[in-house]
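Comments concern the structure below.
The values are calculated or read from the model by the stated rules, or taken from the named source; none is laboratory data. All of these numbers come straight from a predicted model, not from anything done at the bench. Using ideal geometry, Cβ is built from the backbone for each residue, glycine included, and neighbour counts are taken over all protein chains shown. To get the accessible areas, we keep the full protein, side chains included, count just its heavy atoms, and leave off ligands, DNA and RNA. Shrake-Rupley method; radii C 1.70, N 1.55, O 1.52, S 1.80 Å.
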Amino acid sequence: MEIFNMIKSKFVTPFVTPPSGPPSEDDKPWRPMNWSEDGQNLLTTVTNFQPGNPEVNTLRILLHGPQGAGKSSFFNSVNNAFQGRISTKAQANSSDFGRSFTLECKTYKVKKDRAGSFFPFMFTDIAGIHNVGIGIKTEDIIQLLKGHINDGHTFNPVKQITEEDPKYKNNPTLKDRIHCLVAVLPANTVSLIDEDNIRQMREVRKKARDLGIPEVIIMTKVDEACPLVKDNLEKIYTSKKIKQKMQECSVKLGVPVNCIYPVKNYHEERTTNTTVDILILDALKNILNFANDYVEDQVDSQNAI
Ligand SMILES: Nc1nc2c(ncn2[C@@H]2O[C@H](COP(=O)(O)OP(=O)(O)OP(=O)(O)O)[C@@H](O)[C@H]2O)c(=O)[nH]1
Ligand SMILES: [Mg+2]
């Protein structure tokens, strides 16, 4: 027995814990954020925001992206951040599977006070982009960008809108157009998004760029993409995983990383949370500034003619 143990200790290497991989967190945040102070400042900034041009008193933001990416939940999260409570104005899907839950072209506003006034921006939430042939047509999204589609239009996956449609607007003006295009991509499954979906999103982006409309990416589900962030959302800007997912989104759509806002949407919470609110409001603040710049540029170029 003794001999057996001697041989065993000589030839069987003891179990050694493998060296841990590269650190999952950077030492310094790669995007500055003052978590303790920014919440109130941000809320004041976005609450007091006013479009710079009286011709367009409400900025229009279009949310597009794959089915189940979190478009409706993003609008709900904006609404929650302002109301200080959980609401479900835009119906979010309870599962990531099946047909897109949002079929109609719906427009949502955020209530400012009990007297019935609204903040000067609105979100248009459309059906999730599907595989070609099943979902909303690229040409329909382009018509929306140009302001040709009225609220409440139900998209037909096999037939694009025509001028005869009652929801078709013939002579849209600057106030009817989309002023900022927001692509919503989920951080946890961005690598798995169908190539056809990405192609369609790139096509829409290209059209938006030709029209001068700015585009940003809202990268949702950061909690599902990085355990560090799931545990503590304040680690979002030190997480290497999140940085890597943002780079992946940037490459997929050709949007620079500084126009990508990673967020965690409210999805199962019962109360609001300052860190969630800060990320949502910071993204909204930037979207509003981009939309406002677009309107001012358009008015300047109209005046220059
Ligand atoms: N963990 C987590 N889940 C989220 C997040 N955002 C959305 N979800 C969940 O993802 C699912 C889909 O969200 P929706 O907001 O309905 O997605 P959508 O893009 O509007 O989907 P369609 O309208 O079907 O195209 C829901 O179950 C949400 O609760 C997030 O940031 N984190
Ligand atoms: Mg939806």
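Being modelled with pLDDT under 95 and open to solvent by 10 Å² or more (accessible area, probe 1.4 Å) is the requirement here; does Glu248 meet it?
For Glu248, the condition - modelled with pLDDT under 95 and open to solvent by 10 Å² or more (accessible area, probe 1.4 Å) - is not met.
Please find, among Pro256, Pro214, the residue that is more than 16 Å from ligand 2 (Cβ to nearest atom), free of Cβ contacts under 8 Å to residues at least 40 places away in the same chain and in contact with a helix residue (DSSP H, G or I) (Cβ under 9 Å, 6 or more places away or on another chain).
Exactly one of Pro256, Pro214 is more than 16 Å from ligand 2 (Cβ to nearest atom), free of Cβ contacts under 8 Å to residues at least 40 places away in the same chain and in contact with a helix residue (DSSP H, G or I) (Cβ under 9 Å, 6 or more places away or on another chain), namely Pro256.
Quick check: is even one residue across segment 178-190 open to solvent by less than 30 Å² (accessible area, probe 1.4 Å) and at pLDDT below 95?
Taking every residue of segment 178-190 in turn, none turns out to be open to solvent by less than 30 Å² (accessible area, probe 1.4 Å) and at pLDDT below 95.
Pick out the one residue from Ser87, Ser100 that is at pLDDT below 90, crowded, with 20+ Cβ neighbours inside 10 Å and within 16 Å of ligand 2 (Cβ to nearest atom).
Answer to the selection: Ser100.
Restricted to segment 131-171, and to residues that are in a loop (DSSP other than H, G, I, E, B) and among the hydrophobic types (A, V, I, L, M, F, W, C), which residue is surrounded by the fewest Cβ atoms within 10 Å (Cβ to Cβ)?
Checked segment 131-171; the qualifying residue surrounded by the fewest Cβ atoms within 10 Å (Cβ to Cβ) is Val158.
For segment 200-211, how many residues are touching a residue at least 60 places away in the same chain (Cβ under 8 Å) and assigned to a helix (DSSP H, G or I)?
So the answer is 6.
Can Asn197 be described as within 14 Å of ligand 1 (Cβ to nearest atom) and touching a helix residue (DSSP H, G or I) at 6+ places or on another chain (Cβ under 6 Å)? First the steps, then the outcome.
Values: within 14 Å of ligand 1 (Cβ to nearest atom): yes; touching a helix residue (DSSP H, G or I) at 6+ places or on another chain (Cβ under 6 Å): no.
The answer is no for Asn197.
Yes/no per residue for (1) open to solvent by less than 10 Å² (accessible area, probe 1.4 Å); (2) over 22 Å from Leu62 (Cβ atoms); (3) part of a helix (DSSP H, G or I):
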{"site": "Asp223", "(1), (2), (3)": "no, yes, yes"}
{"site": "Ile242", "(1), (2), (3)": "yes, yes, yes"}
{"site": "Thr275", "(1), (2), (3)": "no, yes, yes"}
{"site": "Ile287", "(1), (2), (3)": "yes, no, yes"}
{"site": "Gln298", "(1), (2), (3)": "no, no, yes"}
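When you check Ser73 against the structure, is it within 11 Å of ligand 2 (Cβ to nearest atom), part of a helix (DSSP H, G or I), at pLDDT 90 or above and under 15 Å from Pro186 (Cβ atoms), yes or no? Give the derivation first.
Details: within 11 Å of ligand 2 (Cβ to nearest atom): yes; part of a helix (DSSP H, G or I): yes; at pLDDT 90 or above: yes; under 15 Å from Pro186 (Cβ atoms): yes.
Yes; evaluated as a whole, the condition is true for this residue.
Which residues, counting only those in segment 146-204, are basic (Lys, Arg), within 23 Å of Asn292 (Cβ to Cβ) and under 22 Å from the mean Cα position of the chain (by Cα)? If you could, list the steps in order and put the result at the bottom.
Looking only at segment 146-204, we keep the residues that are basic (Lys, Arg), and these are 146, 159, 167, 169, 175, 177, 199, 202.
Now drop any that are not within 23 Å of Asn292 (Cβ to Cβ), which leaves 146, 169, 175, 177.
Passing the criteria: Lys146, Arg177.
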